[in-house]
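To start, the structure itself, in structure tokens.
The values are calculated or read from the model by the stated rules, or taken from the named source; none is laboratory data. This is a predicted model, so every value here is computed, not measured. Positions of Cβ are generated from backbone atoms using ideal geometry, with glycine treated the same way; all protein chains shown enter the neighbour counts. Just the protein is used for accessible areas: all its heavy atoms, side chains included, with ligands, DNA and RNA removed. Shrake-Rupley method; radii C 1.70, N 1.55, O 1.52, S 1.80 Å.
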Amino acid sequence: MSELLGGITRALTPDVDAAASSTVYVTKHINDHVLWHSALNPWRRDPQWLVIHVALQTSLLEWKIDGQYGYKAFTTYVLARALEKASEAKLDHHLLYTMNVKIATRIWKLKSLDHTGFPFKYIVDQSHMAISLDNPEQFSCVFLIISELWVALDEMAVEAIPLLREYSPEFSIVSFEPLLLPTLCQMRRLRAAETHLSRRHADAIYRGHSLFEFIHHRDSFDARYFQTDLGLHKLRRDIEWQAAALKAEKQRECVRRNEEYHRLKRENDLRSHTSHKWVD
């Protein structure tokens, strides 16, 4: 496409160098693949979508907005507005979820692009509004997904720190009882999360100690973790050695200051003084 368009432009442009210096260039990875697997007809991205992309990016550049960042932020904002309208129209929750995932992916890519000036707070708020607390089925689906994420993170944490297995996961299985899940697949996923949580509670040995408590007890998690980590032992020795060195230096400074004080005091006592009394 670029070679064909460039050739036509060069043939019809009197001053090619002047036109090239004033032309706004856009580089776009179109990812133009044809999808055709177990389908009746092939699918590919609409070419008009590419034209819209390029037109939008060049327009943003004309407005002195960085083409890459401004374009991504603008499309994310438009998607958030569409999600707002879809939520008001009470579309099916699975459609709202798909739109929400699309926006969340774009927001993740735009985390460091706050300088563009687009209303990211509005976008995030619309994503959150798509999850209606008044819909028990929708809320249950969201809670199930969050629980599955927690299970995955818990498995990785226990693998990295096996000591965690001996303490309560701080997550009660009672939380799953009010959930309203309409499909058998969702209920099986919930059962998997409940099984993991039940096993974690059964494996807990020090159930009387919370992971988040900070007490001086030999069975607390922080105390036992310290005992098993040689790196923390070395860090403690380094801290204590540095503290002892600073304390010794401060004590020597105190001795020097006291000696200087007594020297100045003796010198002052040996001098003659004249006193004046002022009367109003």
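With the structure loaded, tell me whether Asp269 is farther than 30 Å from Ser172 by Cα, assigned to a helix (DSSP H, G or I) and at pLDDT below 85 or whether it fails that test.
Details: farther than 30 Å from Ser172 by Cα: yes; assigned to a helix (DSSP H, G or I): yes; at pLDDT below 85: yes.
When the stated conditions are applied, Asp269 passes them.
Only a single criterion out of (1) without any contact (Cβ under 8 Å) to a residue 24 or more places away in the chain; (2) in contact with a His (Cβ under 7 Å, 6 or more places away or on another chain) is not satisfied by Ala202, namely (2). Kindly indicate whether Glu137 is modelled with pLDDT under 85, open to solvent by 30 Å² or more (accessible area, probe 1.4 Å) and in a loop (DSSP other than H, G, I, E, B). Spelling it out, it is not the case that Glu137 is modelled with pLDDT under 85, open to solvent by 30 Å² or more (accessible area, probe 1.4 Å) and in a loop (DSSP other than H, G, I, E, B).
Consider segment 195-220 and keep the residues that are open to solvent by 40 Å² or more (accessible area, probe 1.4 Å) and either among the hydroxyl-bearing types (Ser, Thr, Tyr) or in a helix (DSSP H, G or I) (or both). The one that is farthest from Cys141 (Cα to Cα) is Tyr206. What helices (runs of 4 or more DSSP H) lie completely within segment 1-108 and have 3 or more residues being at pLDDT 75 or above, in contact with a Phe, Trp or Tyr (Cβ under 8 Å, 6 or more places away or on another chain) and surrounded by 10 or more Cβ atoms within 10 Å (Cβ to Cβ)? By residue number, 47-62, 67-88. The single condition from (1) in contact with a helix residue (DSSP H, G or I) (Cβ under 8 Å, 6 or more places away or on another chain); (2) modelled with pLDDT of 90 or more; (3) open to solvent by 100 Å² or more (accessible area, probe 1.4 Å) that Arg237 fails is (1). Restricting attention to segment 150-183, the residues that are within 30 Å of Pro136 (Cβ to Cβ), touching a Leu at 6+ places or on another chain (Cβ under 7 Å) and in a loop (DSSP other than H, G, I, E, B) add up to 5. In segment 137-152, the residues that are within 14 Å of Ala192 (Cα to Cα) form Cβ pairs under 7 Å with partners that are assigned to a helix (DSSP H, G or I), at six or more places apart or across chains, as follows: Leu144/Gln186; Leu144/Arg189; Leu144/Leu190; Ser147/Ala193; Glu148/Arg189; Glu148/Ala193; Val151/Ala193; Val151/His196. Checking every residue in segment 152-168 against the condition of being open to solvent by 80 Å² or more (accessible area, probe 1.4 Å), more than 26 Å from the chain's Cα centre (by Cα), among the aliphatic types (A, V, I, L, M) and modelled with pLDDT of 85 or more gives zero matches.
Under 26 Å from Glu148 (Cβ atoms), among the acidic types (Asp, Glu) and open to solvent by 60 Å² or more (accessible area, probe 1.4 Å), is that true of Glu177?
Taking the combined requirement at face value, the residue satisfies it.
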